[in-house]
Amino acid sequence: MWDESRPIELCKNLLFTDKSGLNRMERIYSIKSCREIEVVESSKQIYKVVCRRWDQGCKWMMRAIKLKINMWIVGKYIIKYTCDMDTFNGNHFNLNVDLISLVLISHIESSIRYKVKECITSFARVYRCTITKRKVFLGRKRVFEIVYGNWDKSFAALLRYMAALQHFNPGTVIEWKHDRIPNIPEYIFIYVFWAFKPSIDGFVHCRSIISIDGTHVYRKYYIKMLIVIAIDANGSIFSLAFAICANAIQETWT
Ligand SMILES: [Zn+2]
């Protein structure tokens, strides 16, 4: 029985619980063998893959059938490749985002700052082959979505998060601003601003100069996160307010 957590060699009579596991296993196998394989038959009962260089005489193939017990079994299997090994320069045909994310998930779960360069090294250690920066970038992005959720879900959670902030910090002031574009049903986010009650109360004791600083968020949502601070009577930094805004226009900064 094939178990992804304890991989074994591909062999005749190996059992799989589903076709997707079978597909993933043959792709892993092809990458480790430095060969490319392709599916030539995939139906409810039969799954067959051959070497992509079959037209050069390579006979490698694997054929699995579905059993009545709803499992798949490797029936015919020709183990020997007669084609040459290749390096593929990071563009292996069978290497997809799902496979890359399998390698990276434990690393990114441990560290949100796991860099693309480190991903490439990890991948090379597991599969002993190179991978392009673009492919690893897409795999890394998929893992971030699996572990931390995607951009849309994170943004949707902001509303709930702000409501919780206000509930557990009574007196907190929150202001949202949205805009409408003709013929588009959704509201467009402009900014959300919030100030905690202790900050509001303490503001009168601060010196009369405030500072605003911000950091940029890139990629899909090109937004800014802003903080307003003042200096209190002890000469210490005193946070006054926070904001997330869509663009650094005059309206959002004031
Ligand atoms: Zn071959």
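The values are calculated or read from the model by the stated rules, or taken from the named source; none is laboratory data. This is a predicted model, so every value here is computed, not measured. As a convention, Cβ positions derive from the backbone with ideal geometry for all residues, glycine included, and neighbour counts pool all protein chains shown.
Just a few scattered comments:
- Among the residues making up region 33-47, those that are surrounded by fewer than 19 Cβ atoms within 10 Å (Cβ to Cβ) and either more than 14 Å from the ligand (Cβ to nearest atom) or without any contact (Cβ under 8 Å) to a residue 24 or more places away in the chain (or both) are V39, V40, E41, S42, S43, K44, Q45, I46.
- Check on V126, farther than 27 Å from G214 by Cα, among the β-branched types (V, I, T) and over 15 Å from the mean Cα position of the chain (by Cα): yes
- Only a single criterion out of (1) assigned to a helix (DSSP H, G or I); (2) out of contact with any Phe, Trp or Tyr (no Cβ under 9 Å at 6 or more places or on another chain) is not satisfied by I108, namely (2).
- None of K76, K68 is closer than 19 Å to L10 by Cα and either away from the ligand (no atom under 11 Å from the Cβ) or modelled with pLDDT of 90 or more (or both) except K76.
- Among the residues listed as S110, S122, the single one being over 30 Å from I223 (Cβ atoms), more than 16 Å from the ligand (Cβ to nearest atom) and either polar (S, T, N, Q) or outside the structural domain of V50 (by the TED database) (or both): S122
- E9 falls short on exactly one of the conditions (1) more than 16 Å from the ligand (Cβ to nearest atom); (2) modelled with pLDDT of 85 or more, and that condition is (2).
- Hey, L99 away from the ligand (no atom under 16 Å from the Cβ), surrounded by 16 or more Cβ atoms within 10 Å (Cβ to Cβ) and without any contact (Cβ under 8 Å) to a residue 60 or more places away in the chain or not: no
- Here M85 fulfils each of the conditions (1) of a type outside the set (V, I, T); (2) surrounded by 15 or more Cβ atoms within 10 Å (Cβ to Cβ); (3) within 16 Å of the ligand (Cβ to nearest atom) apart from (2).
- Evaluated against (1) out of contact with any Asp or Glu (no Cβ under 8 Å at 6 or more places or on another chain); (2) over 24 Å from I146 (Cα atoms); (3) not β-branched (V, I, T), E36 falls short on exactly one condition, (1).
- When region 55-66 is filtered for residues that are of a type in the set (A, V, I, L, M, F, W, C) and over 35 Å from the mean Cα position of the chain (by Cα), only C58 remains.
Residue by residue, here is whether (1) in contact with a strand residue (DSSP E or B) (Cβ under 6 Å, 6 or more places away or on another chain); (2) surrounded by 15 or more Cβ atoms within 10 Å (Cβ to Cβ) holds:
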| position | (1), (2) |
| --- | --- |
| C206 | yes, yes |
| I209 | no, no |
| D213 | yes, no |
| Y222 | no, no |
| D232 | yes, no |
| S236 | no, no |
| L240 | yes, yes |
| A243 | yes, yes |
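- The residues in region 48-58 that are more than 8 Å from the ligand (Cβ to nearest atom) and either surrounded by fewer than 15 Cβ atoms within 10 Å (Cβ to Cβ) or touching a residue at least 40 places away in the same chain (Cβ under 8 Å) (or both) can be counted, and the count is 2.
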